[in-house]
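Here the structure comes first, spelled out in structure tokens, and everything after it is commentary.
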There are 2 protein chains.
Amino acid sequence: MLREDVTEAIRAAVFEELAAVGFARMSIEGIARRAGVGKTAVYRRWKSKLSLVLDLLTAFAVKGLPAPATGSLHGDVRALLEVASHALRHPVASQVIPDLLVEAARHPEIAETVRATLLDGQRGVVAQVVRAAVDRGELPEGADADRALDLIVGPLYWRLVVVRDGAPTAAYLDDLTTAAVAGLRALA
Amino acid sequence: MLREDVTEAIRAAVFEELAAVGFARMSIEGIARRAGVGKTAVYRRWKSKLSLVLDLLTAFAVKGLPAPATGSLHGDVRALLEVASHALRHPVASQVIPDLLVEAARHPEIAETVRATLLDGQRGVVAQVVRAAVDRGELPEGADADRALDLIVGPLYWRLVVVRDGAPTAAYLDDLTTAAVAGLRALA
């Protein structure tokens with residue numbers, strides 16, 4: 001394999017190992033075996049499984065994600081929930097992210113990286129949606145983007161990752177949209 | 001130690017081990033050491049760490065929890081959020097539950113037990129609050145208790161367990177109450 005191909009094979013193997021066994025049980029040996037490379041090929045690139053995971057997370061950074069621009073707060077929130085419901089059904093979100101959140105309490109580096117790569121990107125997108133709604137007069141000046149993130153993403157995350165009762169229907173996403181928009185207006 | 005004291009010492013040790021190292025890394029050896037008993041004392045009572053954890057979870061069942069009855073939907077939701085914000089800052093919720101939710105994807109028995117002991121209890125309390133609001137005419141007949149659970153608990157869980165930026169202020173809980181009530185009314 002070319003050097004770059006080895007790197008990519010290792011990254012793919014880390015991802016599969018994380019989803020299959022979780023951070024706590026994952027080993028460099030298991031990653032090397034799954035990638036079809038020797039342990040030294042892994043250690044030449046990353047000093048530990050922690051640095052491997054942090055590198056992988058950074059590659060998933062959602063910075064620069066375009067914000068929806070449907071022309072209404074309701075349309076924008078519905079579009080965000082559509083994207084989020086797909087993302088939360090992906091193995092990264094449904095298995096790897098909750099696992100890393102648990103590890104984050106024991107490893108401050110993981111907590112910081114999760115925050116920087118995942119939460120900051122989402123917060124930026126929601127801030128743009130709120131800004132556009134303020135500009136259109138749908139929300140008052142000073143509407144809080146952090147509250148908006150909690151109200152938009154929170155119920156869906158809870159249902160998909162905690163309660164885990166299957167894929168959300170379009171009607172469910174419509175309901176969450178209606179509720180989030182009503183909630184945001186009520187806080188104004 | 002008396003037989004019952006040994007059982008209680010083991011249960012306490014399981015809880016501490018779960019919070020400290022997580023389900024994946026937890027071992028019967030570590031539990032026995034922390035409890036100050038021999039490994040056979042553990043194996044005599046439970047056949048595996050999985051059965052130990054299921055037993056511990058069942059003991060935490062919230063069934064029969066009284067629903068708040070403040071006389072208004074806003075008051076009841078605010079009371080639920082107060083209780084939930086305390087519960088979610090307890091190590092069981094902030095560390096053990098998310099860890100077990102991750103394991104639940106690999107162990108169906110854990111998924112079923114988490115659902116039966118934790119979610120069903122919460123759902124029952126929220127259903128009572130919704131029922132009382134319908135009886136008072138604050139929500140229309142047919143208001144959905146599952147949606148209500150998502151809208152009330154979801155944003156707080158997301159903020160406290162995922163974003164993890166510290167204890168919620170009273171003003172934050174007031175905002176979530178206002179938003180959840182507005183959302184529930186908008187769905188009617």
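The values are calculated or read from the model by the stated rules, or taken from the named source; none is laboratory data. Remember, it's a predicted structure, so these values are computed and weren't measured experimentally. Because the Cβ atoms are built from the backbone with ideal geometry, glycine has one as well, and the counts that use them run over all protein chains shown. We work out accessible area using only protein heavy atoms, side chains counted, and drop any ligands, DNA or RNA first. Shrake-Rupley method; radii C 1.70, N 1.55, O 1.52, S 1.80 Å.
Of all GluC sites (Glu not before Pro) in the stretch A:92-158, which ones are in loop regions per DSSP and have a Cβ with at most 14 other Cβ atoms within 10 Å?
Those that pass, being in a loop and sparsely packed, are A:GLU141.
If I take the Cα coordinates of the stretch B:60-187 and project them onto the principal axes, what are the three extents in Å, biggest first?
Dimensions of the stretch B:60-187 along the principal axes of its Cα atoms: 43, 30, 24 Å.
Quick check for you: with a 1.4 Å probe and neighbouring chains kept, what is the accessible area per residue of the protein assembly as shown, in Å²?
Solvent-accessible surface per residue comes out at 44 Å².
For chain A, which longest stretch is free of loop sites, where a loop site is one of the trypsin sites (Lys or Arg not before Pro) that DSSP puts outside H, G, I, E and B and that has at most 16 other Cβ atoms within 10 Å?
Longest gap between qualifying sites, sites excluded: A:1-46.
Put simply, what bits of the stretch B:69-110 lose 20 Å² or more of accessible area when the other protein chains are there, versus the chain on its own (1.4 Å probe)?
Residues meeting the cut-off: B:GLN95, B:ASP99, B:LEU101, B:VAL102, B:ALA105, B:ARG106.
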